[in-house]
1. Please turn the phi angles of the stretch 55-68 into ³J(HN,Hα) values with the Karplus equation 6.51 cos²θ - 1.76 cosθ + 1.60 (θ = phi - 60°), one per residue in order, whole Hz, x for glycine and proline.
2. Among the GluC sites (Glu not before Pro) in the stretch 35-73, which ones are in a DSSP loop with at most 10 other Cβ atoms within 10 Å of the Cβ? Mind listing them?
3. Give, as a single signed number, the net charge of other residues whose beta carbon lies under 9 Å from the beta carbon of I21, with Lys and Arg counted +1 and Asp and Glu -1.
4. So what J values fall out for the stretch 38-49 if you push phi through Karplus, 6.51 cos²θ - 1.76 cosθ + 1.60 with θ = phi - 60°, rounded to Hz, Gly and Pro as x?
5. List, in order, the whole-Hz ³J(HN,Hα) value for each residue of the stretch 31-36 obtained from phi through the Karplus relation with A = 6.51, B = -1.76, C = 1.60 and θ = phi - 60°; use x for Gly and Pro.
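Just so it is clear, none of the values below were taken in a lab; they were calculated from the coordinates. What you see is a predicted model; the values in this text were computed from it and never measured. When we count neighbours, we look across all protein chains shown, and the Cβ atoms used for this are built from the backbone with ideal geometry, even at glycine.
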Amino acid sequence: MSARKKTDLTYTQASAELEEILDAIESGTADVDVLSEKVERAAELIRFCRETLAGTELRVRKVVEDLAQPESAPESGDEED
């Protein structure tokens, strides 16, 4: 198993690694001797993906909220007639 630091891992990489682990477990090709390690790694990846998605959701909501704020009205005398 690759021991990647959490900071080096992207959501895409975590998702792909999780998919590989799940495929190996579902197909029965996962070695029983390392099955518990694979399950533990899958749990780490799921937590990482959930945290990443939650953080992204917060950032997107912030951007959307900022965009929804009305722009300040022009000051008197700034408008052209």
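1. Computed from phi, the couplings for the stretch 55-68 are x, 5, 4, 4, 5, 5, 4, 4, 4, 5, 4, 4, 5, 7 Hz.
2. Values: sites: E37, E40, E44, E51, E57, E65, E71; in loops: E71.
Sites meeting the loop and neighbour criteria: E71.
3. Values: positive: K38, R41; negative: E17, E19, E20, D23.
Combined, the nearby Lys, Arg, Asp and Glu give -2.
4. For the stretch 38-49, the Karplus-derived couplings read 5, 5, 5, 5, 4, 5, 4, 5, 5, 4, 4, 5 Hz, x marking Gly and Pro.
5. These are the phi-based 3J(HN,Hα) values: 5, 4, 5, 10, 4, 5 Hz.
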